[in-house]
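What follows is a short report on a single structure.
The values are calculated or read from the model by the stated rules, or taken from the named source; none is laboratory data. Keep in mind it's a predicted model, so treat the numbers as computed, not measured. Cβ: placed from backbone, ideal geometry, glycine included. Neighbour counts: every protein chain shown.
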Amino acid sequence: MNTNTVKITTNHLNLYYGTNHALKDVSLNLFTNKITAFIGPSGCGKSTYLKTLNRMNDLVPSVKIEGEVLLDEENIYDPRVDTTLLRKKIGMVFQQPNPFPMSIYDNVAYGPRIHGIKNKSELDDIVERSLKGAALWDEVSDRLKKSALGLSGGQQQRLCIARALAVEPEVLLMDEPTSALDPISTLKIEDLMDELKEKYTVAIVTHNMQQATRIADNTAFFLVGEVVEYAPTTELFTAPKDKRTEDYITGRFG
C-alpha cells in the first residue's frame, strides 16, 4: 500500500461566516491511512476546517465557501453531490459524546438502517463489528438493549465512534474527541485511533499538543484561519520552520 496516497485535498479554501473571513486560502492534503492533527489556539479555524471536509458547515446560515475540497479527486462541493452519502463516507465524532437516547444496539444500527439494511442478522454483525472496532464490545456485549445514556463518558465517546464506523466510512473526522474525558478514557481512545488508521484516514482537532505528538503522523498548525505550517509531526515539533509555530509549541502564546 502506498503510504502517501492523498485521500482528501483542499485547494485555496476560503470560508466566510457573513463578513468574518474564518478560513484563509487553506491548501492541505490528508493522506490515506494516516492520522492528521490540527492544532492551534481556540477560535483559529481548526474545527471550521474539519467541518468543511464533510460539509457540516452547509448547515450554518450565511456561510460562503470558495475553493475546492476533493475526496479521491472528486469535488465534494459539486452541486450534484448527495451530502447524505458524503457523510456516510466521511464520518464525524464530536467533542461532547452525543449518543442517541436509545439502546446501545440501536445507536450503532441507526446508520445502517437509514441506508436500507433491515436484516437482523446482518445488523447484529454490523453492531458487533463496529463495537469491536471501537474497542467497546467486551464492555457492553451483555447489555446491548440497555440505554446508551447509562454508559460512562469514555464509553459514550467510543459508542459514537462505533456509530460512525457502522456505515463503513472511508474517513473519520474527530473534533477534540477526548477533551471531555478523563486520562484513562483518553488513552483508550488514543490507542483506538492508532488501530483505526489501519482501515481509515483520520483527521483530529486537538487542543492537546502532547496528544498530537503521540498519535498523529502529520500535524497542521492553524493561526487566525490560516495554516502556518504543515509537516510530519516529529518535524513540526522538533524543527518548526516558522517562528509562530515555535512560539506556540514552546508555550509563548495560545
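Scanning region 16-50 for residues that are assigned to a strand (DSSP E or B) and within 15 Å of residue 226 (Cβ to Cβ) returns 16, 20, 21, 22, 23, 24, 25, 26, 27, 28, 38, 39.
Please go through region 135-180 and pick out each residue that is part of a loop (DSSP other than H, G, I, E, B), among the small types (Gly, Ala, Ser) and modelled with pLDDT of 95 or more.
Start the filter on region 135-180 by keeping residues that are part of a loop (DSSP other than H, G, I, E, B), which leaves 135-136, 141-146, 151-152, 166-170, 176-180.
Those left that are additionally among the small types (Gly, Ala, Ser): 135, 141, 152, 166, 179-180.
Residues satisfying the conditions are 141, 152, 166.
Among residues of region 32-47 that are under 16 Å from residue 209 (Cα atoms), those with a Cβ under 6 angstrom from a residue that is in a loop (DSSP other than H, G, I, E, B), sequence gap 6+ or separate chain, pair up as 35/197; 35/216; 35/217; 37/206; 37/216; 41/254; 44/224; 46/40.
Residue 165 meets the conditions (1) among the aliphatic types (A, V, I, L, M); (2) in contact with a strand residue (DSSP E or B) (Cβ under 8 Å, 6 or more places away or on another chain); (3) under 30 Å from residue 17 (Cβ atoms) in every case but one. The failed one is (3). For region 18-51, a residue qualifies if it is surrounded by fewer than 18 Cβ atoms within 10 Å (Cβ to Cβ), modelled with pLDDT under 95 and at negative phi, and the qualifying residues are 19, 20, 41, 42. Here residue 174 fulfils each of the conditions (1) under 15 Å from the mean Cα position of the chain (by Cα); (2) more than 27 Å from residue 215 (Cα to Cα) apart from (2). Within region 127-165, the set of residues being more than 21 Å from residue 51 (Cβ to Cβ), in contact with a Phe, Trp or Tyr (Cβ under 8 Å, 6 or more places away or on another chain) and crowded, with 20+ Cβ neighbours inside 10 Å comprises 127, 131, 148. When the test is whether a residue is in a helix (DSSP H, G or I), more than 16 Å from the chain's Cα centre (by Cα), at pLDDT 95 or above and not aromatic (Phe, Trp, Tyr), residue 214 passes it.
Looking across region 102-123, the residues that are charged (D, E, K, R), farther than 17 Å from residue 147 by Cα and assigned to a helix (DSSP H, G or I) come down to 113, 120, 122.
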